[in-house]
Amino acid sequence: MIPRYYFHVRNGNGLVEDEEGRSLPDRDTARAEALKGVRSMLSEDVLSGFLDLQGTIDVVEEAGEPVLSLDFGEAVDVRR
(Lines give C-alpha, C1' and ligand atoms only; values in the text may rest on other atoms or scores of the structure.)
Protein backbone atom coordinates (compact mmCIF):
# COMPACT_ATOMS: atom_id res chain seq x y z
CA MET A 1 0.00 0.00 0.00
CA ILE A 2 1.30 3.44 -0.93
CA PRO A 3 1.48 5.80 2.08
CA ARG A 4 -0.44 9.08 2.17
CA TYR A 5 1.30 12.27 3.27
CA TYR A 6 -0.25 15.57 4.35
CA PHE A 7 1.45 18.92 3.82
CA HIS A 8 0.38 21.53 6.40
CA VAL A 9 1.56 25.09 5.74
CA ARG A 10 2.16 27.62 8.50
CA ASN A 11 3.05 31.18 7.46
CA GLY A 12 2.07 34.82 8.07
CA ASN A 13 -1.49 33.97 7.03
CA GLY A 14 -1.85 31.30 9.73
CA LEU A 15 -2.13 27.53 9.39
CA VAL A 16 -3.52 25.83 6.30
CA GLU A 17 -4.05 22.12 6.90
CA ASP A 18 -3.90 19.73 3.98
CA GLU A 19 -7.11 17.72 4.23
CA GLU A 20 -6.60 15.60 1.10
CA GLY A 21 -2.97 14.54 1.25
CA ARG A 22 -1.08 12.77 -1.50
CA SER A 23 -0.12 9.16 -2.03
CA LEU A 24 3.63 9.00 -2.49
CA PRO A 25 6.06 6.06 -2.51
CA ASP A 26 8.27 7.15 0.41
CA ARG A 27 9.49 9.88 2.76
CA ASP A 28 12.21 11.02 0.38
CA THR A 29 9.59 11.72 -2.27
CA ALA A 30 7.45 13.52 0.32
CA ARG A 31 10.43 15.75 1.19
CA ALA A 32 11.05 16.50 -2.49
CA GLU A 33 7.38 17.43 -2.91
CA ALA A 34 7.52 19.67 0.17
CA LEU A 35 10.54 21.48 -1.31
CA LYS A 36 8.77 21.91 -4.62
CA GLY A 37 5.65 23.24 -2.89
CA VAL A 38 7.57 25.78 -0.79
CA ARG A 39 9.50 26.97 -3.82
CA SER A 40 6.27 27.41 -5.75
CA MET A 41 4.75 29.50 -2.95
CA LEU A 42 7.89 31.60 -2.66
CA SER A 43 7.96 32.22 -6.41
CA GLU A 44 4.44 33.67 -6.19
CA ASP A 45 5.64 35.96 -3.39
CA VAL A 46 8.59 37.16 -5.46
CA LEU A 47 6.29 37.97 -8.38
CA SER A 48 4.29 40.13 -5.96
CA GLY A 49 7.45 41.95 -4.91
CA PHE A 50 8.24 40.41 -1.53
CA LEU A 51 9.75 37.30 -0.02
CA ASP A 52 8.66 35.91 3.37
CA LEU A 53 10.90 33.06 4.52
CA GLN A 54 9.30 32.76 7.97
CA GLY A 55 6.89 29.92 7.12
CA THR A 56 7.15 26.17 7.54
CA ILE A 57 5.62 23.16 5.87
CA ASP A 58 4.96 20.18 8.13
CA VAL A 59 4.67 16.78 6.49
CA VAL A 60 2.80 14.08 8.40
CA GLU A 61 1.85 10.54 7.56
CA GLU A 62 -1.77 9.40 7.45
CA ALA A 63 -1.60 8.12 11.04
CA GLY A 64 -0.45 11.60 12.14
CA GLU A 65 3.22 10.71 12.60
CA PRO A 66 5.45 13.70 11.76
CA VAL A 67 7.82 13.10 8.85
CA LEU A 68 9.54 16.48 8.63
CA SER A 69 9.20 20.19 9.25
CA LEU A 70 10.76 22.29 6.51
CA ASP A 71 11.44 25.99 7.09
CA PHE A 72 10.85 28.10 3.99
CA GLY A 73 14.40 29.44 4.30
CA GLU A 74 15.77 25.91 3.85
CA ALA A 75 14.12 25.64 0.42
CA VAL A 76 16.19 28.33 -1.26
CA ASP A 77 19.70 29.72 -1.33
CA VAL A 78 19.36 33.50 -1.13
CA ARG A 79 22.26 35.43 -2.62
CA ARG A 80 22.70 39.14 -2.68
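If only one of VAL78, VAL67, VAL38 is assigned to a loop (DSSP other than H, G, I, E, B) and out of contact with any Ser or Thr (no Cβ under 6 Å at 6 or more places or on another chain), which one is it? Testing whether each residue is assigned to a loop (DSSP other than H, G, I, E, B) and out of contact with any Ser or Thr (no Cβ under 6 Å at 6 or more places or on another chain) leaves just VAL78. Only residues that are small (Gly, Ala, Ser) and either within 16 Å of the chain's Cα centre (by Cα) or under 12 Å from ALA30 (Cβ atoms) (or both) were counted across segment 45-63, and they come to 1.
Number of residues in segment 11-21 that are surrounded by 15 or more Cβ atoms within 10 Å (Cβ to Cβ) and at pLDDT 95 or above equals 2.
Of all residues in segment 42-52, which are on the phi > 0 side of the Ramachandran plot and surrounded by 10 or more Cβ atoms within 10 Å (Cβ to Cβ)?
First, the residues of segment 42-52 that are on the phi > 0 side of the Ramachandran plot: 49.
If the condition is that a residue be on the phi > 0 side of the Ramachandran plot and surrounded by 10 or more Cβ atoms within 10 Å (Cβ to Cβ), then no residue fits.
The set of residues in segment 53-73 that are in contact (Cβ under 8 Å) with a residue 24 or more places away in the chain and surrounded by 13 or more Cβ atoms within 10 Å (Cβ to Cβ) comprises LEU53, GLY55, THR56, ILE57, ASP58, VAL59, VAL60, GLU61, VAL67, LEU68, LEU70, PHE72. The residue list ARG4, ARG39 contains one member that is over 22 Å from VAL76 (Cβ atoms) and either modelled with pLDDT of 95 or more or surrounded by 15 or more Cβ atoms within 10 Å (Cβ to Cβ) (or both), which is ARG4.
The values are calculated or read from the model by the stated rules, or taken from the named source; none is laboratory data. On a predicted model such as this, the values are computed, not experimentally measured, just so you know. Ideal geometry is used to build each Cβ from the backbone, glycine not excepted, and the neighbour counts take in all protein chains shown.
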